[in-house]
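The values are calculated or read from the model by the stated rules, or taken from the named source; none is laboratory data. In this text, all values refer to a predicted model and were calculated from it rather than measured experimentally. Cβ coordinates were reconstructed from backbone atoms using ideal geometry, including for glycine residues, and neighbour counts include every protein chain displayed.
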Amino acid sequence: MSLISSNLEEVNARIAAAAESVGRTREDITLIAVTKTKPCSDIKEAAAAGAAEFGENYVQELVSKYDELGAIGNWHMIGHLQRNKVKYIAPFVSMIQSVDSAALAEEISRRALAAGRRIDILIEAKVSEEDTKTGMNPDEARDLALAANDLPGVAVRGIMGIPPFGADPRPYFERLKKIYDSLPKEMRKYLSMGMTSDYETAIAFGSNMVRVGTAIFGARDYGKQ
């Protein structure tokens, strides 16, 4: 068994244990394998070991990997997305998790229609005061979700967020869950919160989609960005 396969097996086991501790099952939790800076060979290994959802932070890297690997799984855009780059991923991306403005939602709608498809999106809520974090003010996230869901070519599927680095994530997960719970039922499909350092805690606070990279693939090579 390769290291990636072994790591993925361990992550899945920990997800299952965390889910069961709060009365849910492994099947209730979607795992996004975050492949930022990782080579296509690593993604192929993860796919062979059962990974089916892959997340990327940068459009150029996402497009490059899709061009090489195609529909090896479902591709998620999880990083900040500029409106002028939506056109590059609209034909194939399964979900855009980082929608943080009405203007971005409108551009996704326009590009989705041009590609003859509908794109699932999550509204990114900013629960941290860090300047480096993007996302909607929590008080405005629900309003954006309601407005975006009326756009053609777009389907709002829930909320995504990231606690501040190094902080106790629990109060931030609570805030994200409250925003998620305020959405109409048809938009409450995914609460995407939790990464390598805190995904088990996130599951305890209601997450049903976790984004895990380092625990599967090892430390990122930031020189490849």
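Name the pairs whose Cβ atoms lie under 9 Å apart, with the first residue in segment 201-222 and at positive phi, the second among the hydroxyl-bearing types (Ser, Thr, Tyr), and 6 or more positions between them or separate chains?
That search, which allows pairs on different chains as well, returns GLY206/TYR180.
Hand me the list of helices (runs of 4 or more DSSP H) wholly inside segment 1-119 holding 1 or more residues that are within 19 Å of the chain's Cα centre (by Cα) and within 23 Å of THR214 (Cβ to Cβ).
Working: elements: 3-21, 40-48, 59-69, 86-89, 102-114.
Ranges flagged: 3-21, 40-48, 59-69.
Would you check if there is a residue in segment 6-22 being under 25 Å from VAL154 (Cβ atoms) and either modelled with pLDDT of 95 or more or touching a strand residue (DSSP E or B) at 6+ places or on another chain (Cβ under 9 Å) (or both)?
Just the residues of segment 6-22 that are under 25 Å from VAL154 (Cβ atoms), to begin with: none.
No, the conditions are met nowhere in segment 6-22.
Yes or no: segment 46-56 includes at least one residue that is among the aromatic types (Phe, Trp, Tyr) and under 23 Å from SER2 (Cα atoms).
If we filter segment 46-56 for residues that are among the aromatic types (Phe, Trp, Tyr), which is where we start, we get 54.
Filter once more, keeping what is under 23 Å from SER2 (Cα atoms): 54.
Yes, segment 46-56 contains a residue that is among the aromatic types (Phe, Trp, Tyr) and under 23 Å from SER2 (Cα atoms).
Spot the failing condition for ILE203; the list is (1) within 19 Å of VAL93 (Cβ to Cβ); (2) under 15 Å from the mean Cα position of the chain (by Cα), and only one is missed.
In the conditions (1) within 19 Å of VAL93 (Cβ to Cβ); (2) under 15 Å from the mean Cα position of the chain (by Cα), ILE203 misses (1) alone.
What's the total number of residues in segment 120-145 that are without any contact (Cβ under 8 Å) to a residue 40 or more places away in the chain, more than 26 Å from TRP75 (Cβ to Cβ) and in a helix (DSSP H, G or I)?
3
Being free of Cβ contacts under 8 Å to residues at least 60 places away in the same chain, over 23 Å from GLU10 (Cα atoms), in contact with a strand residue (DSSP E or B) (Cβ under 6 Å, 6 or more places away or on another chain) and part of a helix (DSSP H, G or I) is the requirement here; does TYR172 meet it? Full working, then the answer.
On the way: free of Cβ contacts under 8 Å to residues at least 60 places away in the same chain: yes; over 23 Å from GLU10 (Cα atoms): yes; in contact with a strand residue (DSSP E or B) (Cβ under 6 Å, 6 or more places away or on another chain): no; part of a helix (DSSP H, G or I): yes.
No.
Provide a single number: the residues in segment 62-117 that are surrounded by fewer than 21 Cβ atoms within 10 Å (Cβ to Cβ) and under 26 Å from ALA48 (Cβ atoms).
Number of matching residues: 16.
Would you pick out the residues in segment 175-205 that are part of a helix (DSSP H, G or I), among the aliphatic types (A, V, I, L, M) and closer than 16 Å to ASP28 by Cβ? Don't jump to the end; show me each part of the working.
Let us first name the residues in segment 175-205 that are part of a helix (DSSP H, G or I), namely 175-181, 185-187, 199-204.
Subset that is among the aliphatic types (A, V, I, L, M): 176, 179, 187, 202-204.
If the condition is that a residue be part of a helix (DSSP H, G or I), among the aliphatic types (A, V, I, L, M) and closer than 16 Å to ASP28 by Cβ, then ALA202, ILE203, ALA204 are the ones that fit.
Go through segment 99-145 and give me each residue that's closer than 18 Å to LYS178 by Cα and of a type in the set (Gly, Ala, Ser).
ALA125, SER128, GLY135, ALA141, ALA145
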